[in-house]
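Accompanying notes for the structure given below.
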Amino acid sequence: MVARTLAATPDWSLVYRSDPLLEPDPGPPRAAPDLSGLAEGEIAGIIDFSLPEATAHAVETARRLRCVLVSGTTGLHPSTREAMQEASREIAVCWAPNFSTGVPILARALRETAELLPETWQVEIVEAHHKAKRDAPSGTALRFGEIWKDARGGRFVHGREGQVGPREAEEIGLHAVRLGTVVGEHRILLGGVGETIELTHRVQDRTAFASGSVEALRRLLDRQPGLYEWDELLCSG
């Protein structure tokens, strides 16, 4: 999907594709099982949607090539996050659990809502994805939970089972659904006394992620080295 998006963008060209399942191909675009065949100056940036172990390789390569890096891989090992932070001292990096346009807007709305609501209000976050997704809850759901926690405190509760007793005020409920071919859905349920608010984002097609990642790459090219949030890039123009 990223390749198709780049092909439809006049001022971009895809130079290299990397996947362990790909046989070496002189292209264009060139293809290989890893990124070791790239040399400095060949590319402007890397877009990474892979697995945690592959993302570590992408970070190392972007740093070696001194190009920007956009990554949407979730479930990263802490050591990879540390490597990304270290690399951001030399190159511009954007990591986000979700590169759709709507999620940063929803995150901003949640942040403002959390600051406005009375202390008695509580939150539950429900995410749904396709049956093949490996990590749970989704990185986006965790990000929403962190936004609420930063604004109001609390602790994460992952699902409930058995005699759990009454809900405690500080709980931040997180629930993961895996079903069929669902691309991605996030529901933020907010409850007070006698009323509720629901904030929902649904992705119907993965083009949303691809388009956002390409736009993030474009905006990173004008930035100084650092680790940027997708909503920061999107909302700052």
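The values are calculated or read from the model by the stated rules, or taken from the named source; none is laboratory data. Everything numeric in this text was worked out from a predicted model, so none of it was measured. Methodologically, a virtual Cβ is constructed for each residue, glycine included, from the backbone with ideal geometry; neighbour enumeration extends over all protein chains shown.
Structure data summary
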| read-out | value |
| --- | --- |
| Subset of the stretch 196-214 that is within 29 Å of residue 11 (Cα to Cα) and without any contact (Cβ under 8 Å) to a residue 24 or more places away in the chain - its residue that is surrounded by the most Cβ atoms within 10 Å (Cβ to Cβ) | 205 |
| Long-range neighbours under 7 Å by Cβ, at least six apart or interchain, first residue in the same structural domain as residue 188 (by TED's automatic domain parsing) and surrounded by fewer than 16 Cβ atoms within 10 Å (Cβ to Cβ) within the stretch 140-155, second part of a helix (DSSP H, G or I) and of a type in the set (S, T, N, Q) | none |
| Scan of the stretch 126-144 for residues that are touching a Pro at 6+ places or on another chain (Cβ under 8 Å) and within 17 Å of residue 197 (Cα to Cα), ordered by number | 127 |
| Contacts under 7 angstrom Cβ, first residue in the stretch 118-138 being within 18 Å of residue 203 (Cβ to Cβ), partner among the polar types (S, T, N, Q) and surrounded by 22 or more Cβ atoms within 10 Å (Cβ to Cβ), 6 or more apart | 127/138; 127/140; 129/138; 135/74; 138/74 |
| Close pairs from the stretch 166-195: first surrounded by 18 or more Cβ atoms within 10 Å (Cβ to Cβ), partner of a type in the set (Phe, Trp, Tyr) and at pLDDT below 95, Cβ under 9 Å, at least 6 apart | 184/209 |
| Test: residue in the stretch 34-53 that is among the acidic types (Asp, Glu), in contact with a Pro (Cβ under 9 Å, 6 or more places away or on another chain), part of a loop (DSSP other than H, G, I, E, B) and modelled with pLDDT of 95 or more | no |
| So residue 80, is it of a type in the set (S, T, N, Q) and either more than 13 Å from the chain's Cα centre (by Cα) or surrounded by fewer than 19 Cβ atoms within 10 Å (Cβ to Cβ) (or both) | yes |
| Total residues in the stretch 156-165, condition loosely packed, with under 11 Cβ neighbours inside 10 Å and not acidic (Asp, Glu) | 3 |
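Here is a yes/no grid of residues against (1) under 20 Å from residue 225 (Cα atoms); (2) surrounded by fewer than 19 Cβ atoms within 10 Å (Cβ to Cβ); (3) acidic (Asp, Glu):
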| site | (1), (2), (3) |
| --- | --- |
| 52 | no, yes, no |
| 55 | yes, no, no |
| 61 | yes, no, no |
| 64 | yes, yes, no |
| 67 | yes, no, no |
| 92 | yes, no, no |
| 98 | no, no, no |
| 108 | no, yes, no |
